[in-house]
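The values are calculated or read from the model by the stated rules, or taken from the named source; none is laboratory data. Being a predicted model, the structure only gives us computed values, none of them experimental. Glycine gets a Cβ as well: all are built from the backbone with ideal geometry, and neighbour counts include every protein chain shown.
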Amino acid sequence: MEKYIIISILDSFQFPLREAIEKQIWWTAEKRRDEGFDVSIILLTNCEKKIEQDGVKIFFKNKKHILKNKLSGDYVHFINNVVSLGLLIVVLSRGHKTLTLTDGYIWGQSRETLRKAISKVLPLIFNEIQVYSNYQKKMLKIESSEIVQPILPDIKGAGQHKRCLEPTMLYMGHLSYFKGVDVIVEAFKKLVVDFENLKWVIANNMVRGDEDLITKIKQLKEEYPENIVIKGVIDPIKELSEAWVYVYPFSEPGGTMAYPLSLYESLMCDTPFVACNVGANSEFFDEKHLIKPNDHRQMYSRIKAILNERIH
């Protein structure tokens, strides 16, 4: 049986999986397992342990000891958010080497000059380099890179939950400025005047966020205790299915998949969404769903139109 290794640099990997890259790694593993490969996942993280899930071995390796983690497989598939120094570990491996870069901004949030330098040697060590969008490909400037579609399996549970009787808008993610939460706040203040029974559901695990924005949400909750519902870890398909509109206001392409998985899930749940036209969003989704970043007036108008359409 041929051996297929999937490797990534991640802080965590816990079931049920919530982050988009975690899902891509797992769905890739399931697909290769079903094709008859002996599949294992190696995660370069901050601990050392091993688990097994549905016939797939998952190894957590301390990235501080990265040079000790020699890889040996018929196929080695590195699925990573951004270009990073850790990608060079495949020099120590045997087998057909594939790299898939998933993030909307492949240079990350720091050390961009170093990352661009690393990208120049990637064609020398990987047999295949994959991205999800033309936007990424233009940024990467590697002519041989291939645009591929992420794995998008059927969404279990979509359509099995009843839509809320009262108007609801859903946000899933950290309370951060780069995710555009401050823009939702301003739009909400106007929307709640038009729709007194509007519920803003915030699904946030409070792991990260901007402190002043977290404080602002708490104050808003005190002002509108019946209109703001704050939840922790949730079932995204259930929440998307029940919501009237999903709001995805990223003000920049970084920090999320180049192909925003939650927007696909929203479509599968037949839930309209409002997202910002950043990165590759316009490559995948109709512009009727997209607005300018950091524009709370346009967000307000678009959400208001969707809510009115559902009411009438």
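May I ask you to verify whether residue 91 is surrounded by fewer than 18 Cβ atoms within 10 Å (Cβ to Cβ), of a type in the set (Val, Ile, Thr) and touching a helix residue (DSSP H, G or I) at 6+ places or on another chain (Cβ under 8 Å)?
So residue 91 passes the test.
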Next on the checklist: Looking at the stretch 266-279, I want the residues that are on the phi < 0 side of the Ramachandran plot and have a partner that is polar (S, T, N, Q) with Cβ atoms under 7 Å, at least 6 apart or on another chain. Which pairs are those?
Outcome noted: 269/241; 271/241; 273/266; 275/281; 276/251; 278/251
Next on the checklist: Just to verify a result, which residue in the stretch 184-220, among those that are touching an Asp or Glu at 6+ places or on another chain (Cβ under 7 Å) and either β-branched (Val, Ile, Thr) or in a loop (DSSP other than H, G, I, E, B) (or both), is farthest from residue 238 (Cα to Cα)?
Outcome noted: 197
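Residue-by-condition table, conditions (1) part of a strand (DSSP E or B); (2) among the charged types (D, E, K, R); (3) surrounded by fewer than 18 Cβ atoms within 10 Å (Cβ to Cβ); (4) touching a Ser or Thr at 6+ places or on another chain (Cβ under 9 Å):
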| residue | (1), (2), (3), (4) |
| --- | --- |
| 1 | no, no, yes, no |
| 11 | no, yes, yes, yes |
| 26 | no, no, no, no |
| 36 | no, no, yes, no |
| 40 | yes, no, no, no |
| 44 | yes, no, no, yes |
| 51 | yes, no, yes, no |
| 83 | no, no, no, yes |
Checklist outcome for this item: The number of residues in the stretch 221-248 that are over 18 Å from the mean Cα position of the chain (by Cα), crowded, with 21+ Cβ neighbours inside 10 Å and assigned to a helix (DSSP H, G or I) is 1
Item to check | Near pairs, Cβ below 7 angstrom, 6+ apart or cross-chain, from the stretch 167-189 (touching a residue at least 60 places away in the same chain (Cβ under 8 Å) and farther than 19 Å from residue 20 by Cβ) to any residue that is among the polar types (S, T, N, Q) and buried (at least 24 other Cβ atoms within 10 Å of the Cβ) | outcome: none
Item to check | The one condition in (1) within 24 Å of residue 27 (Cα to Cα); (2) in contact (Cβ under 8 Å) with a residue 40 or more places away in the chain that residue 128 fails to fulfil | outcome: (2)
Checklist entry - Is it true that residue 22 is in contact with a Ser or Thr (Cβ under 9 Å, 6 or more places away or on another chain) and among the acidic types (Asp, Glu)? => result yes
Next on the checklist: Would you confirm, using the coordinates I've provided, whether residue 269 is closer than 12 Å to residue 244 by Cβ, of a type in the set (A, V, I, L, M, F, W, C) and within 19 Å of the chain's Cα centre (by Cα)?
Outcome noted: yes
Checklist outcome for this item: Condition set modelled with pLDDT under 90 and under 16 Å from the mean Cα position of the chain (by Cα), scope the stretch 153-172, selection surrounded by the fewest Cβ atoms within 10 Å (Cβ to Cβ): answer is 153
Item to check | Set 42, 21: member being in contact (Cβ under 8 Å) with a residue 40 or more places away in the chain, of a type in the set (A, V, I, L, M, F, W, C) and on the phi < 0 side of the Ramachandran plot | outcome: 21
